[in-house]
Every structure is written in C-alpha cells, then in structure tokens.
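Note sheet for the following structure.
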Amino acid sequence: MLSLIKITAQAVYLKRTLFNDPIYGFIAIETDLILQLINHRFFQRLRRISQMGLSSLVYPGAHHTRFEHALGAMHVMQKAIEVLTQKGIAISAEENEAMQIAILLHDIGHGPFSHASEKILLKGKTHEELSLRIIQNLNEEFKGALGLAIQIFTNSYPRKFMHQLVSSQIDVDRLDYLKRDSFYTGVTEGNINTQRILNTMHVEEENLVFESKGIHSLEKFLLARRLMYWQVYLHKTSLAAELLLVKVLERFWELVNSGEEVLSPTHSFYPLIHRSSDESLSDSVLLHYLTLEDSNILHLLKQWLGHADFVLRSLSKQILFRQLPKIKIQSEPFDTKILAHKGERLQDRSISQKEIAYFVFSGSISNQTYSPDHTQILLKNKSGKPTPLAETIDYLDFNTFSKPLYRYYLCYPKRHFSL
C-alpha cells in the first residue's frame, strides 16, 4: 500500500507531499493543483477500485488499485519529462503540469472491478469516454485549470508527443501497469526496464521517437506485454470469474426489468439500469456511477446469497466462494452441439433453456501486441530518420505481432456444481 508523507524543504519553507510507492520509492506531488485533484473525492474513489478486477482469485497478491496505478503512471510521466528536457526539448511549466494531470486522471472513469462491471454498467460507453467527461466536469469545478490537460488527453494539442506519452503503443500508462502488475502477481515476465526505455525517448517533429540503443528494451516491452496478456490478464480462471460477474449483473438487470425486487430502488445502480445504450449520460446519473466501488458489488453478491432467484443466488455463490465454472480455451470456435451437450446436465434440475445460458456459454477473447497504424513505435536510426520499429527488427515476426490472436472459450459448471 502507498503511504503518505509530508516533508518541509528548509530552503523555501514549502510543504511537499510524497507518496511512498513499492515500485518506485518516493513519488513527489509537484503542484498544488495536482494535490487538490488527488484529494478530490472522484480520484480518492480509485483507492477502492481494483486494478486487475478479480485476478486476485488467481494471484493472491493482486489487490493493488487504480489509485496506485494512476500515481505510478504520473511518476513515470515526470521521469519522461525530465529525460526529454535534459535532451533540449522545451516543455513549459504549464505543459509539464498538464501532462501529469492528463495521465493522473486517465483511468478516473473505471467502474467496480474495472473492466468486469463496465460491460453492463456503462451500456454503450467506454471508461475512456467517462474519464473525459469526468475531467471536463473537474475542469468546470477548477475554473478552467484543466483545459490544457484536456487538449493533451484528447490529442487536440499541436505537440503530439505529449498525447503519445499518455496514450500510444508504448505510453507511460503501459510502462507502469506492466511493471506494477508483474510485481503484485509475481509474474516476472512483465518486469520491464522502465527507466531504460525512458532514457531512450526523444522527440522529432513533435512526435515521440526512441533512440536505436533502446531497441532491446523495446523488444522486451513488446514480449512482456504479449506474455502478460496470455499469462495474467487473460488467464482462464480470471477470465471465468470476470465472465461470471458479467452474468450476475445481466441476471440482476433482467430481474429488475421484469419487476422483481432485487434491491432497494434508492441504490445507485437504479439510475444506470433504465438508461439505454444510445442515451447520453446526465450529470446526475454520472454522479450515481461515481459512488459505485468494488465493495458495492461484493455487498450485493452477499445479499443475493439468500435471494429467491436460484440463478442470481447460484452465480453470486460461485464468485464469493470461488466455486468457478470449468473453462476450456481453444483456437477454434466451439461447436453449438458441445454447448447443448454441456447444458443437458442442467435440464433435469428444472432449469429453462434461457436460464441454462447463464451457466453454459461461449465467446472469444483476443490479444494484439502491436498495431501497424499511425501510432506505431518509431525508432531513430543512425541517419537520424525515424523508422517504424517493425522495419528495424528483422528477426521478430511483426506480422504475427500485428495480427490479433483470437481464442475461444467455453464455460460450464463443474460436476459437483450445486444451485
């Protein structure tokens, strides 16, 4: 966990706030505005949103939060700015602060257990869209002080490298979460050399480039990202737990829409339930969304252990007691006959075909390590000309790296499964 320390600089008699981080050591808060944003209730909420959803069911140490990641990414941004300014890239104090704010708030729109609940709660909105909306609201609250940060966040600022540091194929967001998630899961494959990558950064024509001496660190970054996705982020047990949570919330939605009393109408879920996917998000609904945290979901799951609806009751029990379904993953879609066969075991329990779909289901996942588009990683070769990384490394198969790899899953109850 992060601890907060305040020190006094004797020379200027100003209080400076430091966070003690297990990855980087002390993280300094460099401006009063950034400290105010960190102390804001919207940002403090991230202390109670897990970084890796339900992955702690597989990796017991993975209890770190979006709060820690956001501070870590801001710290990496500070180090990137320091490297670039030392290389003669002019970055004003206003730009420096705005770049830090843009990355600090980049995940502020995440919902409980991160991606797992967002598929149901957001209905047609991504957490990136919500993050922007929240940053815009904060900008009004702080009387326009976040205007430049919004330009950088939305890539509307002329100095493109600033947005590329926030969001690109090798941004400070990824540099932090790979190292952080590797640390907390104990999966060493994700432990990249962040400082080495930062030290090779440069700017050419306002675009982020990397010096050729960093080529092997960039390779390690790509390989680490690929391995972490298959080994951690898309681990089949984590995936089964996340899919189960989605199914719980889908059942909850279905019961509410059919008139069932699932929980109190004053709960923050209700304003989100009746919103259609193409409906704009009002400020009042957004405020309800921003009250939701991991603990709200866990509390509901505990309540539903005694619910009359056996689907809601059973799915909640499976998550809370880690009685997760069996999951198989393969490179080809599963035949519908296999799904039908797996569902036959439930038919003798007086479960309808519609209800069986909550227990036996299939779908797909994908992983794309590198995207060969305009955001590709540029390497500054010996002649000084920025060249796409894919054209520089001839011993890595970038066709494979650039092609989305799809895997198909099938979930079904284990034999000792009980409703």
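Does region 111-132 include one or more residues that are in contact with a strand residue (DSSP E or B) (Cβ under 7 Å, 6 or more places away or on another chain) and in a helix (DSSP H, G or I)?
No, that holds for no residue.
Of the residues Leu281, Leu244, Leu239, Leu300, only one is at pLDDT below 85 and crowded, with 17+ Cβ neighbours inside 10 Å; which?
Criteria check complete, one pass: Leu281.
Each row is one residue, and each column tells you yes or no for (1) modelled with pLDDT under 95; (2) under 20 Å from the mean Cα position of the chain (by Cα).
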position: Gly25; (1), (2): no, no
position: Asp32; (1), (2): no, no
position: Phe42; (1), (2): no, yes
position: Gly53; (1), (2): yes, yes
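Per-residue answers, yes or no, for (1) without any contact (Cβ under 8 Å) to a residue 24 or more places away in the chain; (2) outside the structural domain of His299 (by TED's automatic domain parsing); (3) not in a helix (DSSP H, G or I):
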residue: Ile215; (1), (2), (3): no, yes, no
residue: Leu218; (1), (2), (3): no, yes, no
residue: Ala224; (1), (2), (3): no, yes, no
residue: Ala241; (1), (2), (3): no, no, no
residue: Val246; (1), (2), (3): no, no, no
residue: Phe252; (1), (2), (3): no, no, no
residue: Leu255; (1), (2), (3): no, no, no
residue: Glu261; (1), (2), (3): yes, no, yes
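Being in the same structural domain as Asn199 (by TED's automatic domain parsing), in a helix (DSSP H, G or I) and touching a helix residue (DSSP H, G or I) at 6+ places or on another chain (Cβ under 7 Å) is true for just one of Gln36, Gln78. Which residue is that?
It is Gln78.
Does region 75-93 hold any residues that are within 19 Å of Glu204 (Cβ to Cβ) and in contact with a Leu (Cβ under 6 Å, 6 or more places away or on another chain), and which are they?
Listed by number, the residues that qualify are Ala80, Val83.
Among helices (runs of 4 or more DSSP H) lying entirely in region 281-361, which contain 1 or more residues that are in contact (Cβ under 8 Å) with a residue 60 or more places away in the chain?
283-289, 294-304, 310-320, 336-347
Within the set of pairs 6+ apart or on separate chains, which have a first residue in region 109-120 that is within 16 Å of Ile134 (Cβ to Cβ), a second that is buried (at least 20 other Cβ atoms within 10 Å of the Cβ) and among the small types (Gly, Ala, Ser), and C-beta atoms under 7 Å apart?
That search, which allows pairs on different chains as well, returns Gly111/Ser117; Ser114/Ser50; Ser114/Gly53; Glu118/Gly111.
So for region 143-155 (the condition being within 19 Å of the chain's Cα centre (by Cα) and touching a residue at least 40 places away in the same chain (Cβ under 8 Å)), does at least one residue qualify?
Checked region 143-155: at least one residue is within 19 Å of the chain's Cα centre (by Cα) and touching a residue at least 40 places away in the same chain (Cβ under 8 Å).
Give me a count of the residues in region 185-219 that are on the phi < 0 side of the Ramachandran plot, touching a helix residue (DSSP H, G or I) at 6+ places or on another chain (Cβ under 8 Å) and not hydrophobic (A, V, I, L, M, F, W, C).
Residues in region 185-219 being on the phi < 0 side of the Ramachandran plot, touching a helix residue (DSSP H, G or I) at 6+ places or on another chain (Cβ under 8 Å) and not hydrophobic (A, V, I, L, M, F, W, C): 16 in total.
Within region 202-246, track down each residue that is under 20 Å from Ser402 (Cβ atoms) and among the charged types (D, E, K, R).
Glu219, Lys220, Arg225, Arg226 - these are the residues of region 202-246 that are under 20 Å from Ser402 (Cβ atoms) and among the charged types (D, E, K, R).
Quick one: count up the residues across region 135-165 that are among the β-branched types (Val, Ile, Thr) and either surrounded by fewer than 20 Cβ atoms within 10 Å (Cβ to Cβ) or outside the structural domain of Ala90 (by TED's automatic domain parsing) (or both).
Residues flagged as among the β-branched types (Val, Ile, Thr) and either surrounded by fewer than 20 Cβ atoms within 10 Å (Cβ to Cβ) or outside the structural domain of Ala90 (by TED's automatic domain parsing) (or both) within region 135-165 amount to 1.
Against the condition buried (at least 16 other Cβ atoms within 10 Å of the Cβ), touching a Phe, Trp or Tyr at 6+ places or on another chain (Cβ under 6 Å) and over 30 Å from Phe43 (Cβ atoms), how does Leu312 come out, does it pass?
yes
Among the residues of region 56-76, which ones are touching a residue at least 60 places away in the same chain (Cβ under 8 Å), touching a His at 6+ places or on another chain (Cβ under 7 Å) and not aliphatic (A, V, I, L, M)?
none
The values are calculated or read from the model by the stated rules, or taken from the named source; none is laboratory data. Bear in mind the structure is a predicted one, so any value in this text is a computation, not a measurement. In this analysis, Cβ positions are derived from the backbone assuming ideal geometry, glycine residues included, and neighbour counts consider all displayed protein chains.
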